[in-house]
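These notes concern the structure reproduced below.
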Amino acid sequence: DGKALKLTPAEYGILSYLIKNRQRVVSREELLNNVDALNYESSYKSIDVIVGRIRQKIETNPKKPHYLQAVRGIGYKLVE
C-alpha cells in the first residue's frame, strides 16, 4: 500500500531475498545460507515464525496469504 514497514533484520533479509528471487520457490535451507541475519543455529521453525511476522505486515489476510506463499515441504515463494 506504499506504506513504510518496520522490519527486524531477519524479516528484512528474508523479504529482500524473496523479492530478488520472486516467482521462484526458495527453500528454507537456501534462506539460511543466504540471509546474513540468520545463522547456522537458526532452525526451519524460526524461519516459519519470521515469515509469519512478515505476512502480518504485508498481507491483507495473513491466514490466506496472497503474496508470500508456502510451498509445502520445500519453502516459500513471493508472487506479485
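Note on exposure: L5, L15 ranked by accessible area (1.4 Å probe, complete protein assembly) read L5, L15, with the most exposed listed first. Accessible area per residue for the chain, computed on protein heavy atoms with a 1.4 Å probe, is 69 Å².
Using the Cβ of N21 as centre and a radius below 9 Å, the other residues enclosed give a net charge of +3, where K and R count +1 and D and E count -1.
Against the longest principal axis of the chain, how steep is helix 9-20, in degrees 0 to 90 to the nearest 10, with axes from Cα atoms? With rounding to tens, the tilt is 80 degrees. The alpha-carbon of K6 sits under 12 angstrom from the alpha-carbon of none of the aspartates and glutamates, leaving out residues fewer than 8 places away in its chain. Solvent-accessible area of S16, all protein chains in place: 30 Å² (probe radius 1.4 Å, heavy atoms, ligands and nucleic acids excluded).
Taking 0.36 nm per residue of separation and subtracting the current Cα-Cα distance, fully stretching the chain between E80 and K3 would add 26.0 nm. Note on the chain: helix-only mean residue ellipticity at 222 nm, from DSSP H runs of 4+ residues weighted -39500 (n - 2.57) and normalised by residue number, equals -13000 deg cm²/dmol. Accessible surface of segment 16-64, 1.4 Å probe: 46 percent of it comes from carbon and sulfur atoms.
The values are calculated or read from the model by the stated rules, or taken from the named source; none is laboratory data. Every value quoted in this text rests on a predicted model; they were computed, and no experiment measured them. Ideal geometry is used to build each Cβ from the backbone, glycine not excepted, and the neighbour counts take in all protein chains shown. Please note that ligands, DNA and RNA were not included when accessible areas were found on the heavy atoms of the full protein model with its side chains. Shrake-Rupley method; radii C 1.70, N 1.55, O 1.52, S 1.80 Å.
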